[in-house]
Structures are given as C-alpha cells and as structure tokens.
Amino acid sequence: MLYQLHEMNRTLLSPLIQWAEASSKLFTNPVSPFAHTPFAQRIAAGYELMFRLGKEYEKPAFGITSTEVAGVKTAVIEEVADDKPFCKLLHFRKDHRDPALRELAQPVVLLVAPLSGHHATLLRDTVRALLPEHDVYITDWTDARMVPLEHGSFHLYDYVYYVQEFIRFLGAGVNVISVCQPTVPVLAAISLMASAKEPVMPKTMVMMGGPIDPRKSPTAVNDLATNKPYAWFENNVIYNVPPNYPGYGRRVYPGFLQHAGFVAMNPRRHAQSHWEFYLHLREGDNESAEEHRKFYDEYNAVLDMPAEYYLETIKTVFQDHALPLGTWEVEGKPVRPQDITNVALFTIEGELDDISGSGQTRAAQDLCAGIPKQDKQHFTAPKCGHYGIFSGRRWREIIAPKIAEFIRAHA
C-alpha cells in the first residue's frame, strides 16, 4: 500500500513541481520582465530549490563520448554487448581513427556495478578513468519495477550466475573489478568456477570497499542489518510494484525507501548542502550550483531491487556471515574461495569508509588462501571515504593508476 500512496502523492504534487520549475525560469530568463524585478534572483532560487526537492529523478546517462589513448583523442561508443532481463552488459567501445591504435590490444575489464539502490552510472568516473588503458564493460542493472513478472524472480544466486555468464562471454583473461556490494557475489562466482575447474577464468579480481566480512569494523549499514530480525525487513520494506509500471505485482525493495535511508544516514549534511545550493543561486555562483545539480541528479536517482535478492543479501551477507564462515552454498554448491589458485587478487579500502569498514574487504586476502602471496596485494587509500574509492580526485590520481599497474603486472 505504501508504494501506491507514494505514487499517488507524486502524481498530486506533479503540477506544483512543474509550476515551481516554470516560475524559476520566469524569474531568471533575461527575456522575461520578471527577471528584472527586485529580489528576482532570490525568488528564482527558492523556486528551483522547491523543484529539485520534489521532482522525480530519472536514470542519468553515462555521457562518456570520448577518451584519450596514447595521447590521441578517441571517440567512445556505448553499446549493449549482452542483454538479460535484469541486467545489460554495456561495452564502451573505442572508435579509433588512428590506424596504429586499432591494433592496440588493451586488457579487458568487467566492471561489476552495485545493485544496491543507485544506478550503474554512479561509476561514471570509474569508467572514465579506466578507459584510456582498458577495454571496459560494465553491468548496468535494470530497475526491478521495469521487469515484467513473466521474467521470473531474481535471487542472490542469479546475481552470481550473471557474473559467471559475463566472465564466460568476455573470455579467459578478463579482469574483474567489483565495487562495494558485488564484491561478495563476485568472489562467490569466481570461487564456484575455480571449484568446478572451469577453463575460462579471470586473470585478476579487484575488490573495492565491499562487505566480504562485515563483522570487522561494523558500520551503521551493518548495524541496521543485524539489529533487526529478517522478518522485520520482509514485513516493513518490501512492497508490490503498482500497476503503472511494467513490473506490476513484482515484490521489490522500492527505490524511494532506499533513498530515504541514504538521506537518514546524514540528514544534516544534506540539509546544509541544499541550503548552500540556495545561497549559490541567490549569489549568482552558477558553477557551485551546477556541481550541486550534478551530484544530486545522480544521488537522487534510485532503482527498485527485487525483494528476494535484497532479503537474501541481508541474511546471507550481513546476518549469517556465510561467506567468511564458509557456510554459504549456492544451490547446493559450497562457495570455497580457497579453491582459487590462478586469479590475482587486489583488495582496496578507504581509510575513512563509513559504509564498508576497515578490514571488511581485506578479509578476502585470508579467504583466498590458495592464491600465491606474490599474486595478492592490498591498498588502503588515505583520507578516502567510500565514494572516494571509485570517484573523485583520489580515485583518478592514486587508486586507478594502482589498478592499471596491477592488471599490467599480471597480464
């Protein structure tokens, strides 16, 4: 019922939000006489703030159209390499004009994006930094409310199988990079492939800021998952998709609830950010205002997660700690990271990460006991929070070069 009420409320507020957007433009457009009245800039700032607080945020585009390879600017074309009901495998194909670059073989990277609320576009900066030296593919997870019921359910083990299928699709020698939540299913996927002695295996796996062992340095995210019983999540955050979406009737953890949870983790910071946005608009600081727009266009764009996947993740990863305890089975097949012997491992953590605490990702080093010591590496990024691991200046200048060096060393 809550989902239906949310949609009803959104529909009722839609005229007000559209009016706020139009009014903001009315007081800023130089052609409009209202733009030349006293306090026009303040009035416009208030209307735009109202518009942005109430509007519906759609999935942003990656918007990556070019990169630089060996000092040469190269066009980038975004293509769908593989299409599954709950995920598209996107390829950022380089359209080389320089004949010499066409023969350049770059390491293939499978970037596994989180399915934990935000769209894969959250890793835009990750993709952009990897492109100059790698052939990049990324998992673009589909909003569950857009997947018709006829496609069936999506479980945590389906995520594991999707990763395996993408690895086989890209072939032996692919380098797998997982960011945050997918570190767990990615490690499970590769472990199962190693146990089955599959011929197609990744060359490297890079795991960044993920809850491999959430018992280490637990954060607010871990506390929420452990302080409440499994039944609480099933009874309080799972709802059916309303009839105005293709996935009508599907049980999901709605994106608007996830967004409320994100904001609740630090409400003061978000309130301050919106107040500063108003001040920037009022003072005519368009550059700072545009930075705010870009951040919240991404941050506020959320997707629904399949209920069975979300609930199984809560139980398996955060409540049962099945991976570090060695009790996880994927449809009867035990997950044994110690069986991995020929895939190099690089774990990365942020010193100030408040989502995946210190040691949670590094735990993969001990679990993967079969990997030779010389093929394992760990790095803790100084003064780096969770998002700084995969976006921003520290990611571009410190972490991305280390990943590129690690992949080259094991190519």
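Please treat every number below as a calculation from the coordinates, not as lab data. In this text the structure is predicted, and so the values were computed from the model without any measurement. Note: ideal-geometry Cβ built from the backbone for every residue, glycine included; neighbour counts use all protein chains shown.
Points to keep in mind about this one:
- Options Tyr310, Tyr299: the member that is under 22 Å from the mean Cα position of the chain (by Cα) and surrounded by fewer than 20 Cβ atoms within 10 Å (Cβ to Cβ): Tyr299
- If you go through the stretch 21-77 and pick out every residue that is touching a strand residue (DSSP E or B) at 6+ places or on another chain (Cβ under 8 Å), outside any loop (DSSP other than H, G, I, E, B) and exposed (fewer than 15 other Cβ atoms within 10 Å of the Cβ), you end up with 5.
- Of all the criteria given as (1) touching a helix residue (DSSP H, G or I) at 6+ places or on another chain (Cβ under 6 Å); (2) under 29 Å from Arg394 (Cα atoms); (3) of a type in the set (D, E, K, R); (4) surrounded by fewer than 17 Cβ atoms within 10 Å (Cβ to Cβ), the one not satisfied by Asp95 is (1).
- For the stretch 377-411, a residue qualifies if it is more than 21 Å from Met201 (Cα to Cα), surrounded by fewer than 14 Cβ atoms within 10 Å (Cβ to Cβ) and among the charged types (D, E, K, R), and the qualifying residues are Lys383, Arg393, Glu397.
- Residue list for the stretch 105-122, filter: in contact (Cβ under 8 Å) with a residue 60 or more places away in the chain and farther than 20 Å from Tyr310 by Cβ: Pro107, Val108, Val109, Leu110, Leu111, Thr121
- Index of the failed condition, Val80 passing every other in (1) surrounded by fewer than 16 Cβ atoms within 10 Å (Cβ to Cβ); (2) without any contact (Cβ under 8 Å) to a residue 60 or more places away in the chain; (3) of a type outside the set (D, E, K, R); (4) over 22 Å from Val186 (Cα atoms): (4)
- Just so you know, in the stretch 121-148 the residues that are in a strand (DSSP E or B) and of a type in the set (D, E, K, R) include one that is farthest from Glu58 (Cα to Cα), and it is Asp135.
- Scan of the stretch 5-48 for residues that are of a type outside the set (D, E, K, R) and touching a residue at least 60 places away in the same chain (Cβ under 8 Å), ordered by number: His6, Gln41, Ala44, Ala45, Gly46
- Residues of the stretch 254-264 include none that is farther than 23 Å from His6 by Cα and in a helix (DSSP H, G or I).
- Positions within the stretch 284-326 being outside any helix (DSSP H, G or I) and without any contact (Cβ under 8 Å) to a residue 40 or more places away in the chain, in sequence order: Asp285, Asp320, Gly326
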